[in-house]
Amino acid sequence: MLGNTYAVAFQNGFGATCRFLISRGVPRDEAEEIAQAAWVRGWEYREQLRDPGLVSYWVNSIARNLFRARFRKALPVPLESAKEPAYVFDTDAIDVRTVLGRCSHRDRELFERAMEGYSADEIARDSGVSPAGSAA
């Protein structure tokens, strides 16, 4: 594809590429940036285009792939740089309350004794069961 033909296609198709990206949920300023990069990439590889009539579709495909690549390359935030919230929940107490609320009465008593620091042998001896849990 000749340079002047590509320039005409750019003038006619740049706005359409921006609208294509915006229709896919890309913010307007980012859509313009990605569309510009797609048309530049298209310019660099214009000799590979077999049908000059499909240049807009081709560049839109490049733009879509550039947009997708931004998500693939996004790096996770390191835990060291994450800020601690200004509020604190005692999730341990919430979890214990949930577990205790779902236990049978007997299991709740055993669980509470274990939380008080009694060993399995002591709990078993006081409950009349073996440490393995079977009746003594």
Scan the range 1-32 residue by residue and report those that are within 31 Å of the chain's Cα centre (by Cα), of a type outside the set (Ser, Thr, Tyr) and surrounded by 15 or more Cβ atoms within 10 Å (Cβ to Cβ). PHE14, CYS18, PHE20, LEU21, ILE22, VAL26, ALA31, GLU32
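Identify the residue in the range 37-48 that is touching a residue at least 12 places away in the same chain (Cβ under 8 Å) and surrounded by 12 or more Cβ atoms within 10 Å (Cβ to Cβ) and, among all such residues, is farthest from LEU66 (Cα to Cα).
So the first thing to find is which residues in the range 37-48 are touching a residue at least 12 places away in the same chain (Cβ under 8 Å), and the list is 37-39, 41-43, 46-47.
Filter once more, so that each one left must be surrounded by 12 or more Cβ atoms within 10 Å (Cβ to Cβ): 37-39, 41-43, 46.
Numbers: ALA37: 8, ALA38: 7, TRP39: 11, ARG41: 10, GLY42: 12, TRP43: 15, ARG46: 17 Å.
The residue in question is ARG46.
Does SER56 fit the bill of being modelled with pLDDT of 80 or more, more than 27 Å from the chain's Cα centre (by Cα) and exposed (fewer than 12 other Cβ atoms within 10 Å of the Cβ)?
Numbers: modelled with pLDDT of 80 or more: yes; more than 27 Å from the chain's Cα centre (by Cα): yes; exposed (fewer than 12 other Cβ atoms within 10 Å of the Cβ): no.
For SER56, the condition - modelled with pLDDT of 80 or more, more than 27 Å from the chain's Cα centre (by Cα) and exposed (fewer than 12 other Cβ atoms within 10 Å of the Cβ) - is not met.
The values are calculated or read from the model by the stated rules, or taken from the named source; none is laboratory data. What you are looking at is a predicted structure, and each value in this text was computed from that prediction instead of being measured. Cβ coordinates were reconstructed from backbone atoms using ideal geometry, including for glycine residues, and neighbour counts include every protein chain displayed.
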